[in-house]
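Worksheet: one structure, shown below.
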Amino acid sequence: MKLWGGRFSKTTNSKVDDFNSSISFDQRLYKQDILGSIAHVSMLGKQNIIPLEEAKIIKKELQNILEDIEAGKIEFDVEAEDIHMNIEKILISRIGDIGKKLHTGRSRNDQVALDMRMYVKDEIIKIQSMILNLQSVLVKLAKEHTKTIMPGYTHLQRAQPITFSHHLMAYFEMLKRDYERLNDVYKRTNILPLGSGALAATTYPLDRYFVAKELGFSDITYNSLDGVSDRDFCIELLSAISITMMHLSRFSEEIILWSSHEFHFIELDDAYSTGSSIMPQKKNPDIAELVRGKTGRTYGDLISLLTTMKSLPLAYNKDMQEDKEAVFDAIDTIKMCLPIFTSMIETMTVLKDSMYNAAGGGFTNATDAADYLVKKGVPFRDAHAIIGKLVLYCIQNNKSLEDLTLDEYRKISPIFDQGIFKAISLEECVNKRNIIGGPSEEIILKHIEIAEKFINEEKSLYS
Ligand code: ARG
């Protein structure tokens, strides 16, 4: 008989069991479910809601069940619907009537809300540590490339020279926000919903703060209807994951472009690229493409849960069982993407000369040439026009600004002198951009120092 079978005179249709059941995917919550139950039953004993001795027996058996699940000794049962009832059923089968007391003062509604919060908390920490690993690799590379000049782009047109280090540190900043966003999600997830009961709390004198403390929650929910029906923390997690994936996807897009013959800025390691079954010359950036592609499914997970929740009346509705696959899928996806993306970046070869040549070829120093005139007293708009004419001249004569002779410069404006050549050298263009946020070596080294401090401080929280 079903744990809830009392008021039914017929058994459920087997199709209904299959349809209703979530055990195929929520079994991954077994640990959270058991630890939650252990804390609950300890509290029931402490509060004399059930005899202390019986609470101890239940606790001990729950621990045994946990070990047995981890040893692969347990097969779950679709008919028992979900992980909560599967575990309760196993408990009762092992210790009989005493086991039937576990669910006192509790509903699956607050139980599942608890399990999900515990699970999300655990996973946030794992994702954050993967983000830190990627950030460490970015900083390590950034340190090696403070002098590696490359073109910076707007509209995917060469714009101004920067360094590879500057470019990498942009991603460091994005990932730092991602990391902090997860801290924020964690804060709001770290609230105990147990004690909300089915929807209207309970008549038993539960000590909710005790359970919160046992399970490491920083606070408890203050409205039982909200306690069982809130999935904001899942939606926030999915949105934080989606944003992180969006960043990885933008980076992937650049890796794909950079590894093309057209850019030729990097070469991916053989171990992190793939070939073509027909074209022998091909080396494809499949990993970057898949990360870019998988970003779509995490957006799907987010939209799916938002849509599931949008019309639900208070409090619990079975629709909410749909939260799990979206949350699990997004977590699995990002946890697959982050480490492989990190290794791909760590092992790629940076083609410094190609980057340098690309920075030189596309008039990326034109702004600096205009600034040179401004320093000589020419109003910026006039300087802009003069350099515009020079660029046109260069295009018509297939030259770059560095190729022109002083005479050619002076034909367009007599204000030019020998100083123009220093002013437009790529190294000068980069290192003159020496304010906070800029690409100069001095500034980037300071940024790297701050970044390393962040990484070390955060990593120390895990050890
Ligand atoms: N498997 C359910 C879920 O994931 C657990 C809660 C069921 N509650 C209920 N009243 N049917 O949401």
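The values are calculated or read from the model by the stated rules, or taken from the named source; none is laboratory data. Being a predicted model, the structure only gives us computed values, none of them experimental. Cβ atoms come from the backbone with ideal geometry, glycine included; neighbour counts cover every protein chain shown.
Quick grid of which residues meet (1) outside any loop (DSSP other than H, G, I, E, B); (2) under 30 Å from residue 226 (Cβ atoms):
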{"residue": "277", "(1), (2)": "no, no"}
{"residue": "281", "(1), (2)": "no, no"}
{"residue": "288", "(1), (2)": "yes, no"}
{"residue": "293", "(1), (2)": "yes, no"}
{"residue": "296", "(1), (2)": "yes, no"}
{"residue": "299", "(1), (2)": "yes, yes"}
{"residue": "304", "(1), (2)": "yes, yes"}
{"residue": "307", "(1), (2)": "yes, yes"}
{"residue": "311", "(1), (2)": "no, yes"}
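Residues are listed down the side, and each one gets a yes or a no for (1) under 30 Å from residue 45 (Cβ atoms); (2) touching a Ser or Thr at 6+ places or on another chain (Cβ under 7 Å); (3) in contact (Cβ under 8 Å) with a residue 12 or more places away in the chain; (4) surrounded by 24 or more Cβ atoms within 10 Å (Cβ to Cβ):
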residue	(1), (2), (3), (4)
214	yes, yes, yes, no
219	yes, no, yes, no
225	yes, no, yes, no
237	no, no, yes, yes
243	no, no, yes, no
Considering every residue within the stretch 66-73, establish whether at least one is away from the ligand (no atom under 16 Å from the Cβ), out of contact with any Ser or Thr (no Cβ under 7 Å at 6 or more places or on another chain) and of a type in the set (Val, Ile, Thr).
-> yes
Answer from 323, 332 - the residue that is within 16 Å of the ligand (Cβ to nearest atom), part of a helix (DSSP H, G or I) and not aliphatic (A, V, I, L, M) | 323
Any pair with Cβ under 6 angstrom, 6 or more apart, that starts in the stretch 325-346 at a residue that is within 29 Å of residue 231 (Cβ to Cβ) and ends at one that is of a type in the set (S, T, N, Q) and surrounded by fewer than 21 Cβ atoms within 10 Å (Cβ to Cβ) = 326/304
Number of the condition not met by residue 452 [criteria: (1) buried (at least 19 other Cβ atoms within 10 Å of the Cβ); (2) under 26 Å from residue 258 (Cβ atoms); (3) at pLDDT 95 or above] = (1)
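For every residue, the table says whether it meets (1) of a type outside the set (A, V, I, L, M, F, W, C); (2) closer than 30 Å to residue 125 by Cβ.
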residue: 154; (1), (2): yes, no
residue: 157; (1), (2): yes, no
residue: 177; (1), (2): yes, yes
residue: 181; (1), (2): yes, yes
residue: 191; (1), (2): no, yes
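Let's see how each residue does on (1) of a type in the set (A, V, I, L, M, F, W, C); (2) surrounded by fewer than 19 Cβ atoms within 10 Å (Cβ to Cβ); (3) in contact with a Pro (Cβ under 9 Å, 6 or more places away or on another chain):
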| residue | (1), (2), (3) |
| --- | --- |
| 51 | no, yes, no |
| 67 | no, yes, no |
| 78 | yes, yes, no |
| 99 | no, no, no |
| 151 | no, no, yes |
Picking from 38, 58, 83, which residue would you name as being of a type outside the set (D, E, K, R), crowded, with 16+ Cβ neighbours inside 10 Å and within 16 Å of the ligand (Cβ to nearest atom)?
-> 83
Give the number of residues within the stretch 201-226 that are more than 26 Å from residue 180 (Cβ to Cβ) and touching a helix residue (DSSP H, G or I) at 6+ places or on another chain (Cβ under 6 Å).
-> 5
Looking at (1) touching a strand residue (DSSP E or B) at 6+ places or on another chain (Cβ under 7 Å); (2) surrounded by fewer than 17 Cβ atoms within 10 Å (Cβ to Cβ); (3) at pLDDT 95 or above, which is the one condition that is false for residue 317?
-> (1)
